[in-house]
1. Tell me which aspartates and glutamates have Cα within less than 16 Å of residue 64's Cα, excluding those fewer than 8 residues away on the same chain?
2. About its Cα centre, how strong a charge dipole does segment 25-119 have in debye, to the nearest 20, once Lys and Arg get +1 and Asp and Glu get -1 at the Cβ?
3. What FRET efficiency, computed as 1/(1 + (r/R0)^6) with R0 = 25 Å and r the Cβ-Cβ distance, is obtained for residue 116 and residue 245, rounded to the nearest 0.05?
4. Over segment 4-260, what relative contact order in percent results from Cα pairs under 8 Å that are six or more residues apart?
5. How big is the gap, in Å, between the Cα center of segment 220-234 and the Cα center of segment 180-199?
6. With a Förster radius of 22 Å, plug the Cβ-Cβ distance of residue 145 and residue 102 into 1/(1 + (r/R0)^6) and report the FRET value to the nearest 0.05.
7. Non-local amide H neighbours of residue 122 (under 5 Å, H modeled in plane, Pro and chain starts lacking H): which ones?
8. Taking the chain as a Gaussian network, Cα atoms linked when under 10 Å apart, which of 207, 117, 109 shows the biggest mean-square fluctuation?
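Just so it is clear, none of the values below were taken in a lab; they were calculated from the coordinates. In this text, all values refer to a predicted model and were calculated from it rather than measured experimentally. Because the Cβ atoms are built from the backbone with ideal geometry, glycine has one as well, and the counts that use them run over all protein chains shown.
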Amino acid sequence: MIHSDWHIHSEYSYDASTTLEEIAQQARKQGLCRVGITDHANLNDEKFTDDLRRSASAVKAAQKKYPFLVLGVELTPIDKPRFDYVQKHGTKEGYIAPVLSEPFDIELAQTKEELMALGVRYAVGAAHCRVDIPHAHRLPPDLDASVKEWYRQQMWLACDERVTILGHPWYHGKSIWYEDFSVIPHSMNMDIAAALKENGKYVECNAHFFLTEQATEKFRHQYAGFLRELFEMGIPVTYGSDAHHGYEDARAKVEQYLSAAGFVDGDIAELSENSLW
């Protein structure tokens, strides 16, 4: 059912260790047709821009031996005041978040032109944390505030020209809604779906939701059903292993849940040439 993987991190991501050679060799063993390397561009500072340059250079070299590799990037929302500070000073050091009456605006680390100049051909855009208020990571998890903020970010990503694939929708690092997906209002998912469809985006089936021990069986089936609903609305669904350390084949387990939700071979999408930059 799954023939390509569009979300993989190599050693050029700050939180990953797998070499491109290992990824390519394992992908070949798995019989994958296309493999997208999507190293992180979390911030517009020299650390992340240098990581991305090194990723782009390494993938370009590896493509001579492994032409099925595709250069992508994973972009994550940044609070605009932080982005502006780094843009001005070249570093986040010394940044003090302002106190505003409204949620911070959102930005991404690179422009589409900057990414294309490096040879990047598509972007996974994904929410990872709250960026609406200062120091949110220091606060205890707040279900209602987090749902509202993830919805805001995902709606924004679904409308941004740089985003090809909405990555791991409703991922949460502390798994605060991984018992019952119905705590996410259906109306929010329909709003996100409408924005994805209107803007010609893909949505990602990320292996994390079906592998993490924090997710209940109920949640996993609900989440597969959510993806199926979007698919039936005409939104193409890609697969992303989101591998960081090693590259084991997780497809069999993921496909169990997808099959139960009604997916069959041919339903999981490949990025078309028209979708690649």
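1. 21, 22
2. Value, rounded to 20: 860 debye.
3. After rounding to 0.05, the efficiency reads 0.30.
4. Reported as a whole number, the value is 20 percent.
5. 10 Å
6. So, using R0 = 22 Å, E works out to roughly 0.95.
7. 73, 277
8. 117
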